[in-house]
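Notes for the one structure printed next.
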Amino acid sequence: MKVETKNNLLGNIPKEIPMEIIETILDSDKVRIERIISKGQSSPENFWYDQDDNEWVMVLQGQAKLMFENEEKPVLLLQGDYINIPAHLKHRVEWTTPNEVTIWLAVFY
């Protein structure tokens, strides 16, 4: 068995990020891991994620705000913060830092 090439979650960041970048790092029958790169992006107005899978998400770099349906205020995620989002809990990305890159690690299970 050959060892795979080493990678870095904080590396290989494009200079221009006109749209959020979603990269699948690992995908199996039971779990999917993604690296998400944002720079000022947010969910479209009136759009809500309603996912079939649970999602554990962590901000590795930058900041973001997640809004959950029927909540009054968004949840601010700073570097190192994580949150577990149960399946079908409607949520959206309200804001990501516009002047620096936000890097997320998302685990779907």
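The values are calculated or read from the model by the stated rules, or taken from the named source; none is laboratory data. Nothing here was measured: the structure is a model prediction, and the numbers come from that model. Quick reminder, even Gly has a Cβ in these numbers, built from the backbone with ideal geometry, and neighbours come from all protein chains shown.
Suppose we keep only residues that are in a loop (DSSP other than H, G, I, E, B) and either surrounded by fewer than 16 Cβ atoms within 10 Å (Cβ to Cβ) or among the hydroxyl-bearing types (S, T, Y) (or both) within segment 99-109. Which one would you say is modelled with the highest pLDDT? The extreme case among them is Y109.
Does E4 qualify as being modelled with pLDDT under 95, among the acidic types (D, E) and more than 12 Å from the chain's Cα centre (by Cα)? Explain how you work it out, then say what you get.
On the way: modelled with pLDDT under 95: yes; among the acidic types (D, E): yes; more than 12 Å from the chain's Cα centre (by Cα): yes.
When the stated conditions are applied, E4 passes them.
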